[in-house]
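What follows is a single structure, written as structure tokens, with notes after it.
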Amino acid sequence: MTADMVETTEGETAGRGATAAGAGGSAAVPGRWAPGDHILWRYRDNAEADRFHICRPVTVVQDTEELLAVWMAPGTHCIKPALADGTPVHREPLATRYTTPRRTVRDQWFGSGVLKLARPGDPWSVWLFWEPGWHFKNWYVNLEEPRRRWAGGVDSLDHFLDICVYPDRHWEWRDEDEFAQARRDGLMTDAQADAVRSAGRAAVAQIAAWAGPFSDGWEDWRPDPAWGVPELPENWDRSPDRLLS
């Protein structure tokens, strides 16, 4: 998963009248978030597992036992990694990209918004991208650690390797070079890398079968116009106060 992927790179519609309740707001079902709630979607640093280096405030679209769907609106203020001098990570040569000192920076998500879909236990999430004017662009399978839910959102660990799926149903691996470099730099063991490859093959099998969420019509989904853009809290990197799953 690259930080600037948009620029280089559970099924119901919104509109149930819910308003943002803030991170961890009251849900219609105990233990579940309600449509319109604001939560955080975060990733831990691959080199420092107790540190978060990506944080994206999102709005809950649907939260059921089968699927968590969230919307990241255009203009959302996020946290992303950068080199120590502020240079975007993708500008660093691959050979030193994961060993050059980094820090986190506050940034804004430009371009179209992103719909993220995640089934409990799956070692990936599926993201939907649109071109301006709501012209559907592609699905993006982000291979990652199954998300851990806490009162304010979900946390995961990115696994570098990804899959891009296009409207004509053909697909391709993405970021294989970053995946290989991460292995060389010791950011994952051989066993972990094998598990990621296995997860990727399982995702490809679902794509080949055109199973959900690819066949569920999410590309026709639209956000509730009444939803605002969630704010990035000052304590975005706080430790989970209570794990929900």
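The values are calculated or read from the model by the stated rules, or taken from the named source; none is laboratory data. A quick note: this is a predicted structure, and the numbers were derived from the prediction, not measured. Cβ placement follows ideal geometry from the backbone for every residue including glycine, while neighbour counts extend to all protein chains displayed.
Any idea which residue in the range 64-97 is nearest to Asp185 (Cα to Cα), counting only those that are among the small types (Gly, Ala, Ser) and part of a strand (DSSP E or B)?
This residue is Ala82.
For the range 148-161, what are the residues that are out of contact with any Lys or Arg (no Cβ under 9 Å at 6 or more places or on another chain) and surrounded by fewer than 23 Cβ atoms within 10 Å (Cβ to Cβ)?
Passing the criteria: Arg148, Arg149.
Run Pro101 past the list (1) within 30 Å of Ser239 (Cα to Cα); (2) crowded, with 16+ Cβ neighbours inside 10 Å; (3) not polar (S, T, N, Q) and report the number of the one that doesn't hold.
Every listed condition holds for Pro101 apart from (2).
How many of the residues in the range 148-169 are in contact with a Phe, Trp or Tyr (Cβ under 7 Å, 6 or more places away or on another chain) and of a type in the set (Asp, Glu)?
2
With the condition kept exactly as written, say whether any residue in the range 42-63 is at positive phi, at pLDDT below 95 and either assigned to a strand (DSSP E or B) or not charged (D, E, K, R) (or both).
The answer is no, given that none of the residues of the range 42-63 is at positive phi, at pLDDT below 95 and either assigned to a strand (DSSP E or B) or not charged (D, E, K, R) (or both).
Within the range 168-209, work out how many residues are more than 20 Å from the chain's Cα centre (by Cα) and under 18 Å from Phe129 (Cα atoms).
3
Out of the residues in the range 98-120 that are β-branched (Val, Ile, Thr) and assigned to a loop (DSSP other than H, G, I, E, B), which is nearest to Asp177 (Cα to Cα)?
Among them, the one singled out is Thr99.
If only one of Pro230, Pro225 is surrounded by fewer than 17 Cβ atoms within 10 Å (Cβ to Cβ) and either farther than 19 Å from Pro123 by Cβ or more than 17 Å from the chain's Cα centre (by Cα) (or both), which one is it?
Pro225
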